[in-house]
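Beneath this line is the structure, given in C-alpha cells, with notes to follow.
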Amino acid sequence: MALVLLIDGHSQAYRAYFGMKTPLSTRKGEPTAAVYGFARKLLATLREVKPDYVAVAFDTGDTWRHAEFPEYKATRDAMPDDMRTQMTRIEAMLRAFNIPILTYTNYEADDILGTLAHEAGGEGYDVLVMTGDRDMFQLVDEQVKILYTSGGPNPVTSAYGLEQVQERYGLTPQQFIDFKALTGDSSDNIP
C-alpha cells in the first residue's frame, strides 16, 4: 500500500532552530539555521522513507483549546523573532518543493495530523507522522507509526509502532490518552 508522510511543521522547525550548535546566516546577516536544519531533515527523511505522498501541517495561532482553557500553553516563551522570519522561508521552500502546507484556523497542526493519519490509515494507507511531540503516540495503530525526533544538538529519529510504544512506555497508544488525562502535561500547562 502507498505510504503517506505527515510532518509536524512547527515541531520540526523548532527542533532545527534550537538544535543548531552555531547560528547560520546569509551574507546579509539574515538567520537561516531553522531553514537549513528543516531542509536537511526533510530531504534525509524523504530519501530514507520514500513516501508516495507528503504534507506538512503548521499551527495557526490560538486554538479552540485556548478559548476553553486560557492557561493552555501560557507558560511557553513566544517564538523568537529571528525564527519567525525563518518560518516564512520554510513555507516558501515547501511550496518550491511542491509539498502541500496544511493549516486550519483554530486548530493545531496536531489536530490536522491526527485527523489525516486516522483517515488515511482507515483507507489502508501506511502512515508515518514525523514529530517531536510525544502526544502523537496516541495515534499509533496497525497503519500509523510515529517518526519521533528528539531535540538537542544531536537529534535522533526513532520509529514508533505499536510494539515500540508499549516497550518504551508500558502503555498502549489508546492508554496514552488516559495517561495524559490523569497526569496532565506540563509542556502544555495542563494540570
Q) Hey, in the GNM for the chain with a 10 angstrom Cα cutoff, which one of ALA109, ALA57, ALA159 fluctuates hardest? A) ALA159
Q) Assigning unit charges at the beta carbon (Lys, Arg +1; Asp, Glu -1) and nothing else, what dipole magnitude in debye, to the nearest 20, does region 3-49 show about its Cα centre? A) 200 debye
Q) For ALA159 and GLU30, FRET efficiency with R0 = 30 Å and r from the beta-carbon atoms, rounded to 0.05? A) 0.30
Q. Per-residue HN-Hα couplings for region 170-180, Karplus 6.51 cos²θ - 1.76 cosθ + 1.60 at θ = phi - 60°, whole Hz, x for Gly and Pro?
A. x, 9, 7, x, 5, 6, 4, 4, 5, 4, 5
Q: Would you mind getting me the FRET efficiency between ARG95 and TYR169? Use the beta-carbon distance for r and R0 = 41 Å, nearest 0.05.
A: 0.65
Q: With runs of 4+ DSSP H residues as the only contributors, calculate the mean residue ellipticity of the chain at 222 nm using -39,500 (n - 2.57) per run, divided by the residue total and rounded to the nearest 500.
A: -13000 deg cm²/dmol
Q. Using only Cα atoms, what Kirkwood radius does the chain have, in angstroms?
A. 17.4 Å
Q | Leading residue at positive end of dipole, the chain (Cβ point charges), from GLY161, PRO100, LEU42 | A | LEU42
(Q) Applying a 10 Å radius around every beta-carbon, put 14-22, 127-135 in order of their mean neighbour count, most first. (A) 127-135, 14-22
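We did not get these values from a lab; they are worked out from the coordinates using the rules stated. Here the structure is a predicted model, which means the values were calculated and not measured. Cβ: placed from backbone, ideal geometry, glycine included. Neighbour counts: every protein chain shown.
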